[in-house]
Amino acid sequence: MAPVLSRTLTPSSLQSLPYSPLFSSKSNTSTNTNRLCLLKSGLKSSGLTCSGLKWKVDKRVGNSVVVRCEASAVAEKETSDASGETYEYQAEVSRLMNLIVHSLYSHKEIFLRELVSNASDALDKLRFSSVTDPSLLGDAGDLEIRIKPDPELGTITISDTGIGMTREELIDCLGTIAQSGTSKFLNALKENKDLGNDNSLIGQFGVGFYSAFLVADKVTVSTKSPRSDKQYVWEAAADSSSYVIKEETDPAKQISRGTEITLYLKDDDKYEFTEPTRVQGLVKNYSQFVSFPIYTWQEKSRTVEVEEEEEPKEGEETPPEKKKKTKTEKYWDWELANETKPIWMRNPKEIEKDQYNEFYKKTFNEFLDPLAHTHFTTEGEVEFRSVIYIPGMAPMNNEDVVNPKTKNIRLYVKRVFISDDFDGELFPRYLSFVKGVVDSNDLPLNVSREILQESRIVRIMRKRLVRKTFDMIQELADSENKEDYRKFWENFGKFVKLGCIEDTGNHKRITPLLRFFSSKSEDELISLDEYIDNMDEKQNAIYYIATDSLKSAKSAPFLEKLVQKDIEVLYLVEPIDEVAIQNLQTYKEKKFVDVSKEDLELGDTDEAKERENQQEYVLLCDWMKQQLGDKVAKVQISSRLSSSPCVLVSGKFGWSANMERLMRAQTLGDTSTLEFMRGRRIMEVNPDHPIIKDLNAACKNAPDSTEARRAVDLLYETSLISSGFTPDSPAELGGKIYEMMAVALGGRWGRVEESETAEPTESTEETTSEAVETEVVEPSEVRTEADPWNT
């Protein structure tokens, strides 16, 4: 409906109306006259028009009138102007071809994968079409692909016995860039419900064929469709924006059905892509699992028997006998390149373990059997098939395992290899040691089919792959053969611990897989579940100590009271252990507690004795703190010691001694943060130790004693070492120990002074000589100079 404008016009307001001959008289009159003519004659009529507007008198109110303006004509005009004309995009064909060839693909070798995929699609189309029209198959032979390089001519030919193309299809498919014949065929299949909806066809973008110009100066396509009696040849050059189609008239070049693509290789690529072994390697890498046989032209050798006649000797009349000899001769023949079948496409119940192991060794060039494998298919939101393995041995270089760009996962789309170069898209870094294949029909790829695009589908795939991997590892841990999981933990345990740090969302799956030594299991690793099963009912925490070796963990003074109370302590002896446990925090509602930090609560304490010790040794603690100054935050009575005189513990929120040692060893560590993150050190003393009792007496009776002060200083330096810390000046500490040893050992065994040994007496010399003369040598001690066994 056209918009309607309502307005009240007074004589004065009529002056603002646009000038039009309809509002004026034939004579040249003034504005007032025009206005009178309008009032007297124009408004008497039922309506008037002006510049496309239709004005209509609505009503009169005194000296003014109400006029309605119907703008239908204006609306119609604006609509016609807004519609405009339609134009189609124009493209410079040569420029577009240049972009397709040089910008889509990162590796030249991709051309063979794309052309083999096109050949596979042609065979699939023939197979589908023959369901309703069996005559299409005819007697043109089996459905197969053949690749023949020719080093002399510098060409490589890819032929198939597929559906072929008519003249119109050549123009439509090869003459139109980004026109996918496979996509059209799939749409036709979807419309024809009788044939079903098979999604095994590979092509989708319509540009794969043009990858041939990556390596070729000229490409010829000879094709014959079973729907046509004529064979056509399509020919184009790499730097041309046009192509030629002609009918094949040479009987020698006639083919019964299918397509034959010949690439005239560039000078730089002739030697590489006409090498038969190189071509076969590319087929095995990219098209190993294409559902049709692929044959390559290979040089072979065989042993044959030949008869040779010997020359007759002089004087012999009878001819010599013919002797048979064997020799090796070389010949050329077709060889099947894709022998290995896609094991993931089969039913897992029909596959033996040896078949899985054999597939693993061939695919990943391994010599050891895998420790475990899992074969699964996911359906629903994302459909994909996968077989993943745990290798039998870790790589020699640990960086290859932690590197997220390892080539351990091979991605296939419809059985065609796409890539094995990922940056954590399918597996997190800590699971990058897992090897396997993933095949999906739903993956979002870029046009070159080399790059996996980030999308919701990829995230779902990653989540399911990780979950299946954990299920496989957990099954290995629960198996009766404990040796397999011991091998797994020996090779990959530290990377599972890395998952505690990097993947907080999977802590529930990672924690049951962890294994550690403990104070009750020093020879065999135990799980956290076993630790909890061995716990006392009153124990509310999982205790651990982090050190640099198993030996230092066993002798650490922090464990003395816990061992007495039969409390098990986990030994964290690898550098990553402490950080991993700190990221876990709890397991089955049990907190992880570091026994080397302050405020250790063991329960069952004698409060009366504790108060007594506090009163007895409060003066000693203050005196020692005064002597040590800022070296310690405070000195207090310990509840964790039984045989050691003292120990240095870390604050709750600072680094432990082990962590401080690790941070100092970092190549790119920031030493300025060491003091800040080191936290405070607290000295705990054992009130039952004789040294502490002696120092308690000293602080009461001789607080200014130099010997007592030196003892406190040496006690602190010694506790640094026994607690796992590094002394600031090891040489200074050594000097103090030597000095104390000299005081303790001075004159104990009747040491002879230098002044006494300077003037030896004659009687001493005589006694010495007599002692030498009367020395008796046993026969077994006698050695002659000529004895060769004692040199």
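Restricting to the stretch 342-366, count the residues that are over 23 Å from the mean Cα position of the chain (by Cα) and either aliphatic (A, V, I, L, M) or part of a helix (DSSP H, G or I) (or both).
Final tally of qualifying residues: 12.
Residue check, Glu684 against (1) at pLDDT below 90; (2) charged (D, E, K, R); (3) within 19 Å of Leu600 (Cβ to Cβ), all met but one. Which one?
So Glu684 meets the others, but not (1).
Suppose the filter is in contact with a His (Cβ under 7 Å, 6 or more places away or on another chain) and under 29 Å from Lys554 (Cα atoms); does Leu584 pass it?
Yes; evaluated as a whole, the condition is true for this residue.
Of the conditions (1) hydrophobic (A, V, I, L, M, F, W, C); (2) under 24 Å from Pro395 (Cα atoms); (3) assigned by the TED database to the domain that holds Tyr587, Leu528 satisfies every one except a single condition; which number is it?
Of everything listed in (1) hydrophobic (A, V, I, L, M, F, W, C); (2) under 24 Å from Pro395 (Cα atoms); (3) assigned by the TED database to the domain that holds Tyr587, Leu528 misses just condition (2).
Given Arg751, Arg783, which one is modelled with pLDDT of 50 or more, farther than 30 Å from Leu662 by Cβ and open to solvent by 80 Å² or more (accessible area, probe 1.4 Å)?
Only one candidate passes the filter, namely Arg751.
Do any helices (runs of 4 or more DSSP H) entirely within the stretch 462-561 hold 1 or more residues that are more than 27 Å from Lys591 (Cβ to Cβ), touching a residue at least 12 places away in the same chain (Cβ under 8 Å) and open to solvent by 20 Å² or more (accessible area, probe 1.4 Å), and if so, which?
482-502
Enumerate the helices (runs of 4 or more DSSP H) found wholly within the stretch 48-138, keeping only those where 2 or more residues are exposed (fewer than 13 other Cβ atoms within 10 Å of the Cβ) and at pLDDT below 60.
Hits in the stretch 48-138: 72-83.
I'd like to know if the stretch 206-217 contains one or more residues that are open to solvent by 20 Å² or more (accessible area, probe 1.4 Å), modelled with pLDDT of 90 or more and not in a loop (DSSP other than H, G, I, E, B).
Checked against the condition, which is being open to solvent by 20 Å² or more (accessible area, probe 1.4 Å), modelled with pLDDT of 90 or more and not in a loop (DSSP other than H, G, I, E, B), the stretch 206-217 yields at least one hit.
For the stretch 367-391, name all the residues that are open to solvent by less than 60 Å² (accessible area, probe 1.4 Å), at pLDDT 90 or above and not in a strand (DSSP E or B).
Pro370, Leu371, Pro391
Could you please give the count of residues in the stretch 638-659 that are part of a strand (DSSP E or B) and at pLDDT 90 or above?
Total meeting the criteria: 4.
Given the options Lys693, Lys736, name the one that is at pLDDT 85 or above, part of a helix (DSSP H, G or I) and assigned by the TED database to the domain that holds Gly651.
Result: Lys693 is the single residue among Lys693, Lys736 that is at pLDDT 85 or above, part of a helix (DSSP H, G or I) and assigned by the TED database to the domain that holds Gly651.
Could you list, in sequence order, the residues of the stretch 164-173 that are in contact (Cβ under 8 Å) with a residue 60 or more places away in the chain and open to solvent by 20 Å² or more (accessible area, probe 1.4 Å)?
Those that are in contact (Cβ under 8 Å) with a residue 60 or more places away in the chain and open to solvent by 20 Å² or more (accessible area, probe 1.4 Å): Met165, Thr166, Arg167, Ile171.
Which condition number does Ile581 fail, the rest of (1) free of Cβ contacts under 8 Å to residues at least 60 places away in the same chain; (2) open to solvent by less than 10 Å² (accessible area, probe 1.4 Å); (3) β-branched (Val, Ile, Thr) being met?
The number of the failed condition is (1).
The values are calculated or read from the model by the stated rules, or taken from the named source; none is laboratory data. Being a predicted model, the structure only gives us computed values, none of them experimental. So basically every Cβ, Gly included, is an ideal-geometry build from the backbone, and we count neighbours across all protein chains shown. Ligands, DNA and RNA are excluded from the accessible area calculation, which covers all protein heavy atoms including side chains. Shrake-Rupley method; radii C 1.70, N 1.55, O 1.52, S 1.80 Å.
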